[in-house]
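The values are calculated or read from the model by the stated rules, or taken from the named source; none is laboratory data. Worth saying up front: this structure is predicted, and the values here are computed from it rather than measured. With ideal geometry, Cβ positions are generated from the backbone for all residues, glycine too; neighbour counts draw on all protein chains shown.
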Amino acid sequence: MKINNKNTRTLQASDSKTFIKIIDQTRLPHELIFKDLYSLAEVVEAIKTMQVRGAPLIGVTAAFGLALALKDEASDAYIADVAQQLIEARPTAVNLAWAVNKLTTFLLNNEPKVRFEEAWSFAQQMAEDDVRNNKKIGMHGLQLLRTHKKHKLNVMTHCNAGWLATIDYGTALSPIFLAHDAGLDVHVWVSETRPRNQGMSLTAWELSQAKIPHTIIADNAAGLLMQEGNVDCVLVGADRIAYDGQVVNKIGTYLKALAAFEHNIPFYVAAPISTFDSNFIGEHQPFEIEYRHPNELLMISGKNNQGMMESIEIGSSPALNPAFDLTPAKFITRVICEKGILEPQSMGDLING
Ligand code: MRU
């Protein structure tokens, strides 16, 4: 994506191979702050605190975290320990474990003395693959958006599955960026996505940068807009997709899918194949839904009159903060991945076939 007219990726690997440069997403949309991460500890912290977030981006960042850790030591036991620390940083998005496990398997087949160099190149390749896959998702998704044949297309999205959630292009926003570039009149309903407001703070910021018309709505306004005929389709990302097409994504996705189903509005999920979990089928749920700190619900941060970032308390009762939910396949019209446009139930067969 272009920021101030300059092509920028969300993660840049240093030429010296001593650090990675990330964008601290907790400061957006108020401040665009780049931050250098030099160590495993800094990478784990950045993932836990959501300075980097979004399923594909945390996967690639974790791969670089593993590489950075190997500067000091590269034994099999140490790699296993580092891999576990990274995977435990956030439990729900499968891309994180996918990236770490893939890199670990590769490294264990290499001599310890070459492991750092190999890991760094591997992580760089993962970043390139992410960009390529997301561009393909954008092209397939654009085809789907064109089938709507509307003069003005109103797309609703949830959370942030844009450029910021990946290395470039995004998943759910990739078709929207390409549609806008292709001259389609597209407008995006940006659902604020309480409690962390990734829609309002990140998606809206990205769309502003790209000059794509959009409007922020409260999460609870989604049903009314659908009922009034103001939504042509819903397009979201995913953190994990089961063999039978169930989709795990940001909390609130399920409610949007239910409302869209009721109103016959197509509900699309855009995600790379690295988000697919073949161990997850039927009732068997081999992962944890992340519950984050209640303060994310009870506190809100923003910029005060003096232009300073500030957090204030907006509630003080006991609070529960599940970060993801699960949408059954019957509510999902199509999944868009780098291989094409699929029915959710047939995704497993295509990927394994
Ligand atoms: O908690 P987050 O902000 O990491 O959650 C992100 C989402 O739920 C995204 O929709 C998902 O990771 C897809 S990102 C391309």
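Quickly run through the range 250-301 and pick out the residues that are more than 12 Å from the ligand (Cβ to nearest atom) and on the phi > 0 side of the Ramachandran plot. If the condition is that a residue be more than 12 Å from the ligand (Cβ to nearest atom) and on the phi > 0 side of the Ramachandran plot, then Asn264, Gly282 are the ones that fit.
Return the residues of the range 222-231 that are in contact (Cβ under 8 Å) with a residue 12 or more places away in the chain and either surrounded by fewer than 20 Cβ atoms within 10 Å (Cβ to Cβ) or under 16 Å from Met50 (Cα atoms) (or both); say none if nothing qualifies.
Step one: of the range 222-231, the residues in contact (Cβ under 8 Å) with a residue 12 or more places away in the chain are 222-223, 225-227, 230-231.
Result: Gly223, Leu225, Gln227, Asn230.
Quick check on the range 59-76: of everything there that is free of Cβ contacts under 8 Å to residues at least 40 places away in the same chain and buried (at least 20 other Cβ atoms within 10 Å of the Cβ), which residue is nearest to Asn95 (Cα to Cα)? So, considering only residues that are free of Cβ contacts under 8 Å to residues at least 40 places away in the same chain and buried (at least 20 other Cβ atoms within 10 Å of the Cβ), the one nearest to Asn95 (Cα to Cα) is Ala62. For Leu297, the conditions (1) aliphatic (A, V, I, L, M); (2) under 21 Å from the mean Cα position of the chain (by Cα); (3) at pLDDT below 95; (4) under 24 Å from Ile217 (Cα atoms) all hold with the exception of (3). Here Asp239 meets the list (1) among the acidic types (Asp, Glu); (2) within 16 Å of the ligand (Cβ to nearest atom); (3) surrounded by fewer than 18 Cβ atoms within 10 Å (Cβ to Cβ) almost entirely, failing just condition (3). Just one of (1) more than 14 Å from the ligand (Cβ to nearest atom); (2) of a type outside the set (A, V, I, L, M, F, W, C); (3) surrounded by fewer than 19 Cβ atoms within 10 Å (Cβ to Cβ) fails for Arg194. It is (1).
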